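Right, one structure below, let's go through it.
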Amino acid sequence: MRLLCLAALLALASPAPAQDLRGHGGPVGALDVAGDRLLSGSFDTRAILWDLTRASARNVTRFHEGNVTGVALLPDGGFVTAGQDGRIALWQAESRAPDFATDPGVSAIAALAISEDGARIAAGFWDGQVQVLDRATGQVHSHQAHSERVTGLGFLPSGDLVTVGGDLRLVRWDGAFAPLARADLPDLPNGLAISKGRIAVIFAEGALRLFAPSGELLPERFLTDRPLVALAARGSDIAAAAIDGTVWYLTADALTQRVMFSAATGPVWALALASGQAFTAGADGLIRRWSLEDGAALGGEDGQAQAEYTDDSRGAEIWRACAVCHSLIPDDHSRAGPSLHGIFGQRIATQPGYDYSPALEALDIIWSPRTVAELFEHGPEAYTPGSRMPEQRIAEAADRVALVEFLARAAAESGQ
């Protein structure tokens, strides 16, 4: 049986800037943020473009075979995803399919970066290969940059590409993949970011080191005896996260600590910096927000989730898959899809605060136990064409009945 996570029939939610973001059905390993947009990639094969002003999903995509291992926001409003399938995909903000995608690779992509002007996209692979995609021409240039996995890469302001790999090497490349500088590394690098024209690298031994574009070692700081596994840079700020969930927020010049906080009880696999706040993600699929003033948690999604109606029925068991994307709490739009509180009796594409596609607005459907069950029976492509729902179904009629009965009990419990 394939369980349907009720995906976003609606795109935008009411303003809720202080919420955490829940919408992925697996660990989140890639984040990028710019302005009011955040992009996330997960083991669940999905990439989600979030509207931070409304704390809701703007676009939910599923294209890659396997994990989405890298994401990047483009200056023109589009975005890029990369995956375990070795493919780079370019998207418009509202696209349901990529405008362009490279062919599947023989190796998974481990790292992704874009140039400052968004004209070039670089991907580093597990087999040590690097690909650079020229957006204007669609041409892909490949080079065997390392003998082992590329663990990080980034573009300098000059346009040169810098890579680090499992072979313990740092290399700066020109546009023709000629090496301009090299440096031997003392330990396994786990990530790279460009900060104020310098190269920040995190290591498995728990150190954060800065390098000049020439490869010269600049300030370094040993933060922990645990491996550092996530890194982000923004302007004069750097943040690094360890495998135990600790996050350090530091200055980019001398690596002076500003704030240290615990973001999770397990690894922080993805990290992003915005104005005044940090975003972290890991194994539970929840994207959390933190204050960069004092490390305080800014979101409140966990407490809301605990307050949701549930019981021990088969319908509640099926709902748990849906709850990855949806809440039963009124106006809780902190996940990939909207709240389904009181769904029965609502006409499709009429919930306040959402921007529906013309295709959905043209449909004449009233959500009821029968129509919700039919949606699961036939699948969204057939039943609600033009929606953002992934093409999945609940095959067993008894399970469809159990789910709609649970939704009815949840509505009765809340007084609907």
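What the table below lists for this structure:
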{"item": "Yes/no for residue 253 being more than 21 Å from the chain's Cα centre (by Cα) and either crowded, with 21+ Cβ neighbours inside 10 Å or in the same structural domain as residue 55 (by TED's automatic domain parsing) (or both)", "result": "yes"}
{"item": "Candidates 124, 118, 152, filtered to the one that is assigned by TED's automatic domain parsing to the domain that holds residue 31 and part of a loop (DSSP other than H, G, I, E, B)", "result": "118"}
{"item": "Residue count for the stretch 140-165, restricted to those that are in contact with a Lys or Arg (Cβ under 7 Å, 6 or more places away or on another chain) and surrounded by fewer than 18 Cβ atoms within 10 Å (Cβ to Cβ)", "result": "1"}
{"item": "Flag for residue 244 being charged (D, E, K, R), more than 22 Å from residue 283 (Cα to Cα) and modelled with pLDDT under 95", "result": "no"}
{"item": "Close pairs (9 angstrom Cβ cut-off, 6 or more residues apart or separate chains): β-branched (Val, Ile, Thr) in the stretch 173-198, assigned to a strand (DSSP E or B) anywhere", "result": "194/113; 194/154; 194/155; 194/162; 194/200; 194/233"}
{"item": "Residue among 276, 295, 345 that is at pLDDT 85 or above, exposed (fewer than 14 other Cβ atoms within 10 Å of the Cβ) and within 24 Å of the chain's Cα centre (by Cα)", "result": "276"}
{"item": "Given (1) assigned to a loop (DSSP other than H, G, I, E, B); (2) over 17 Å from residue 410 (Cα atoms); (3) at pLDDT 75 or above, number of the condition residue 354 does not satisfy", "result": "(3)"}
{"item": "Elements of type strands (runs of 3 or more DSSP E) contained in the stretch 190-246, each with 3 or more residues being within 25 Å of the chain's Cα centre (by Cα) and closer than 20 Å to residue 295 by Cα", "result": "228-234, 237-242"}
{"item": "Which listed residue, of 44, 85, 32, 76, is under 12 Å from the mean Cα position of the chain (by Cα) and not in a strand (DSSP E or B)", "result": "44"}
{"item": "Top-ranked residue of the stretch 202-215 - restricted to ones that are closer than 17 Å to residue 180 by Cβ and among the hydrophobic types (A, V, I, L, M, F, W, C), ranked as surrounded by the fewest Cβ atoms within 10 Å (Cβ to Cβ)", "result": "212"}
{"item": "Yes/no for residue 175 being assigned to a loop (DSSP other than H, G, I, E, B), more than 23 Å from residue 91 (Cβ to Cβ) and modelled with pLDDT under 95", "result": "yes"}
{"item": "Test set (1) in a loop (DSSP other than H, G, I, E, B); (2) in contact with a Ser or Thr (Cβ under 9 Å, 6 or more places away or on another chain); (3) closer than 15 Å to residue 121 by Cβ - residue 65 fails condition number", "result": "(3)"}
{"item": "Odd one out for residue 258, checked against (1) assigned to a loop (DSSP other than H, G, I, E, B); (2) closer than 19 Å to residue 296 by Cα", "result": "(1)"}
{"item": "Test set (1) crowded, with 17+ Cβ neighbours inside 10 Å; (2) without any contact (Cβ under 8 Å) to a residue 24 or more places away in the chain - residue 218 fails condition number", "result": "(1)"}
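Let's see how each residue does on (1) under 22 Å from residue 320 (Cβ atoms); (2) out of contact with any Gly (no Cβ under 8 Å at 6 or more places or on another chain); (3) modelled with pLDDT of 90 or more:
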{"position": "11", "(1), (2), (3)": "no, yes, no"}
{"position": "25", "(1), (2), (3)": "yes, no, no"}
{"position": "32", "(1), (2), (3)": "no, yes, yes"}
{"position": "39", "(1), (2), (3)": "no, yes, yes"}
{"position": "44", "(1), (2), (3)": "yes, no, no"}
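Residue by residue, here is whether (1) of a type in the set (Ser, Thr, Tyr); (2) closer than 22 Å to residue 186 by Cα holds:
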{"residue": "224", "(1), (2)": "yes, yes"}
{"residue": "242", "(1), (2)": "no, yes"}
{"residue": "260", "(1), (2)": "no, no"}
{"residue": "263", "(1), (2)": "no, no"}
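The values are calculated or read from the model by the stated rules, or taken from the named source; none is laboratory data. What you see is a predicted model, and the numbers here were worked out from it, not measured in a lab. Don't worry about glycine lacking a Cβ; one is built from the backbone with ideal geometry, like all the others, and counts go over all protein chains shown.
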